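Read the structure below first, then the notes.
The values are calculated or read from the model by the stated rules, or taken from the named source; none is laboratory data. Nothing here was measured: the structure is a model prediction, and the numbers come from that model. Please note: Cβ atoms are built from the backbone with ideal geometry, for glycine as well, and neighbour counts cover all protein chains shown.
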Amino acid sequence: MHKQKGFSLIELLIVVAIILIIAAIAIPNLLRSKMSANDAAAASTLRTLNTAQVTYATNYPAVGYADTFTKLGPNPAPPLCDQTAACLIDNVLSATANGPNPKGGYAYWLNPAAANAGVIGDYAFAANSITINSTGSNNFCTMSDAVIRSMKAANPVVPQVSVTVPIATCATAATYASIQ
């Protein structure tokens, strides 16, 4: 009698079926984990942007807050850092003047207040998920009070990537609530 070497087709099919069952359980959890990580990164980035704005306003009190991302970003002619490019944020966030600047599944926007006697006294940053429930699960905003707020809707669909958040909307408790 011949001794069988290797695995039978049935044994291989059983192993493949077990692997597929494990993958069906693990992949959704992995996607949720990535979305949660993107959400946390968006909130952290907004904190960084708030810190950059406070630093900018402290260093340039005659100007107030920066009205563009590029004023907070790196100078194209290093090592000079001044009020036109203060070197406070990375070049990904300062790619365009007011957004969208995509980073980590979110698009970032800056909406400055109108200047009063040449000084900008307020701003609103927005971090909008590029694809809700895929790249992130929420939309966030913050203003000069440095409170990070998230959209209260169970399924935030507005604003999406192509919309900035006005200061008044970010301050509206019915629309945005501070994160815990």
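Looking at LEU88, is it in a loop (DSSP other than H, G, I, E, B), touching a helix residue (DSSP H, G or I) at 6+ places or on another chain (Cβ under 6 Å) and without any contact (Cβ under 8 Å) to a residue 40 or more places away in the chain?
Numbers: in a loop (DSSP other than H, G, I, E, B): yes; touching a helix residue (DSSP H, G or I) at 6+ places or on another chain (Cβ under 6 Å): yes; without any contact (Cβ under 8 Å) to a residue 40 or more places away in the chain: yes.
Answer is yes for this residue.
Just to be sure, is LEU110 touching a Gly at 6+ places or on another chain (Cβ under 8 Å), in a loop (DSSP other than H, G, I, E, B) and at pLDDT 85 or above? Spell out how you get there, then give the answer.
On the way: touching a Gly at 6+ places or on another chain (Cβ under 8 Å): yes; in a loop (DSSP other than H, G, I, E, B): no; at pLDDT 85 or above: yes.
When the stated conditions are applied, LEU110 does not pass them.
With the structure loaded, tell me whether CYS87 is out of contact with any strand residue (DSSP E or B) (no Cβ under 8 Å at 6 or more places or on another chain) and on the phi > 0 side of the Ramachandran plot or whether it fails that test.
Values: out of contact with any strand residue (DSSP E or B) (no Cβ under 8 Å at 6 or more places or on another chain): yes; on the phi > 0 side of the Ramachandran plot: yes.
For CYS87, the condition - out of contact with any strand residue (DSSP E or B) (no Cβ under 8 Å at 6 or more places or on another chain) and on the phi > 0 side of the Ramachandran plot - is met.
Every residue, every condition in (1) of a type in the set (D, E, K, R); (2) assigned to a helix (DSSP H, G or I); (3) under 30 Å from ASN98 (Cα atoms), yes or no:
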residue	(1), (2), (3)
LYS5	yes, no, no
ILE14	no, yes, no
SER33	no, yes, yes
ASP39	yes, yes, yes
ALA43	no, yes, yes
LEU46	no, yes, yes
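Check region 12-29 and report whether any residue there is without any contact (Cβ under 8 Å) to a residue 60 or more places away in the chain, within 20 Å of GLN180 (Cβ to Cβ) and of a type in the set (Gly, Ala, Ser). Before the answer, list the steps.
First pass over region 12-29, keeping only residues without any contact (Cβ under 8 Å) to a residue 60 or more places away in the chain: 12-29.
Retained after the next criterion (residues that are within 20 Å of GLN180 (Cβ to Cβ)): none.
Among the residues of region 12-29, not one is without any contact (Cβ under 8 Å) to a residue 60 or more places away in the chain, within 20 Å of GLN180 (Cβ to Cβ) and of a type in the set (Gly, Ala, Ser), which makes the answer no.
I want to confirm something. Restricting to region 52-79 and keeping residues that are part of a helix (DSSP H, G or I) and either touching a residue at least 40 places away in the same chain (Cβ under 8 Å) or among the acidic types (Asp, Glu) (or both), which single residue is surrounded by the most Cβ atoms within 10 Å (Cβ to Cβ)? Let's see the steps before the verdict.
First pass over region 52-79, keeping only residues part of a helix (DSSP H, G or I): 52-59, 69-72.
Now drop any that are not either touching a residue at least 40 places away in the same chain (Cβ under 8 Å) or among the acidic types (Asp, Glu) (or both), which leaves 53-54, 69.
Numbers: GLN53: 28, VAL54: 14, PHE69: 24.
Selected residue: GLN53.
Let me confirm something: among SER137, SER129, which residue is surrounded by 14 or more Cβ atoms within 10 Å (Cβ to Cβ), among the hydroxyl-bearing types (Ser, Thr, Tyr), touching a Ser or Thr at 6+ places or on another chain (Cβ under 6 Å) and under 30 Å from LEU31 (Cα atoms)?
Values: SER137 fails: touching a Ser or Thr at 6+ places or on another chain (Cβ under 6 Å).
Unique residue meeting the criteria: SER129.
Identify, from the list CYS87, CYS81, the residue that is at pLDDT below 90 and farther than 26 Å from TYR176 by Cα. Break it down stepwise before answering.
Values: CYS87 fails: at pLDDT below 90.
Just one listed residue meets the conditions, CYS81.
What number of residues in region 89-126 are of a type in the set (Ser, Thr, Tyr) and over 14 Å from the mean Cα position of the chain (by Cα)? Talk me through it step by step, then tell me what you get.
Looking only at region 89-126, we keep the residues that are of a type in the set (Ser, Thr, Tyr), and these are 94, 96, 106, 108, 123.
Filter once more, keeping what is over 14 Å from the mean Cα position of the chain (by Cα): 96, 123.
Number satisfying all stated conditions: 2.
List pairs: first in region 128-146 and under 17 Å from ALA177 (Cα atoms) and in contact (Cβ under 8 Å) with a residue 12 or more places away in the chain, second surrounded by 24 or more Cβ atoms within 10 Å (Cβ to Cβ) and among the basic types (Lys, Arg), Cβ under 9 Å, 6+ apart or cross-chain?
Cβ pairs passing all conditions: PHE140/ARG149; CYS141/ARG149; THR142/ARG149; MET143/ARG149.
Considering each residue of region 115-127, count those that are farther than 18 Å from ILE179 by Cβ and either touching a Gly at 6+ places or on another chain (Cβ under 9 Å) or among the aromatic types (Phe, Trp, Tyr) (or both), and give that number.
Start the filter on region 115-127 by keeping residues that are farther than 18 Å from ILE179 by Cβ, which leaves 115-123.
So of that shortlist, the ones also either touching a Gly at 6+ places or on another chain (Cβ under 9 Å) or among the aromatic types (Phe, Trp, Tyr) (or both) come out as 115-116, 118-123.
Residues flagged as farther than 18 Å from ILE179 by Cβ and either touching a Gly at 6+ places or on another chain (Cβ under 9 Å) or among the aromatic types (Phe, Trp, Tyr) (or both) within region 115-127 amount to 8.
Looking at (1) in contact with a Gly (Cβ under 8 Å, 6 or more places away or on another chain); (2) modelled with pLDDT under 90, find the lone condition where ALA42 falls short.
Here ALA42 clears every test but (2).
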